[in-house]
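Below you'll find the structure, written out as structure tokens, and then a few comments.
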Amino acid sequence: MKIYLDVLVITNMMIALVYLWCISRITHDKLTPRQEIMGAVFSGLGSLLAMAHSESFLGALAITLGKLLVISLVIIVSFRPRSFRAFVKRGVLYLLCELLMGGACFALVTLTHSAVLCVKNYVVYFDISLLQLAVCCATVYLVVILSETISRRGGEPIKRYRARFKLGGFELSVPAIADTGNGLCDSFTGAPVVIFRSDELFSRYDLDRPERLGLYGFHPIPYETINGTGLLYVTSKGSVTISGRDCEKIVACCTGVMPRNGGSEYAIFNPEILV
């Protein structure tokens, strides 16, 4: 089969965009158009691996390592993971998308005996014209936009959560807000922090008295918001349970406490910790 570079690159850019959209839905990441385009460009350039030819073990190993490098670059430029764990999670999801795509292509070729597509060196190539490719790109884009629109209008407008903190015999439950912008992690353990704005918690553990912080395992870490900077008192003791309409999970996290300063009592968490 003759391979045309323009079709090869554009096809794999389009496939990468679908992968990134699926992964971002699972991990609750918000990708900017720039991040999506950069990831698609790296994937498109990585599709040039299909042009490589090797019959030796070392050659096959080099192609495999090259594919893993391409995937790593796509994950880094698209998702900008904050930790190695987050990088591995998104990398595994990307590999799963690749596996599902490869399996679908293999099944299609086996069942239809079609010569329209082929898979070489972990790269999918469709033997179609640029006009057909443009139609496919437009179709996929419209399907994604339609799916997103239906999801926003038909789904629950606001997902309601509650966060429950438990330490010994004390327990406190407050409304919780899922915020993908909460990327705060404990500087000592590296664990994500669920923030509780609660005067009851703040006063119970005497967080306004620095000499008593160590009694309950609290330590201050700096935080920054659009309203300014400050100190958040964080502990790894106790447990936090996030519950919603269709989920309840004890999450692996630290607990951060701050006074509510006259506002409502609530907790803030990154929805990624529910995955």
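Please work out how much length the chain gains when fully extended from LEU131 to LEU146, using 0.36 nm per residue of separation minus the C-alpha to C-alpha distance, in nm with one decimal.
The LEU131-LEU146 span can extend by a further 3.2 nm.
Can you pull the percent of the chain's accessible area that's carbon plus sulfur, 1.4 Å probe, other chains left in place?
63
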Could you tell me what percent of the DSSP beta bridges with both partners in segment 168-275 are antiparallel, to the nearest 5? 70
Once the whole set of protein chains is in place, how much accessible area is left on MET38, using a 1.4 Å probe, in Å² to the nearest 10? 60
Given the whole protein assembly as supplied and a 1.4 Å probe, what does the accessible area of LYS120 come to in Å², nearest 10? 80
Just to confirm, what accessible area per residue do you get for the chain at 1.4 Å probe, in whole Å²? 58
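The values are calculated or read from the model by the stated rules, or taken from the named source; none is laboratory data. Remember, it's a predicted structure, so these values are computed and weren't measured experimentally. Ligands, DNA and RNA are stripped out before the accessible areas are found, and what is left, the full protein with its side chains, is counted by its heavy atoms. Shrake-Rupley method; radii C 1.70, N 1.55, O 1.52, S 1.80 Å.
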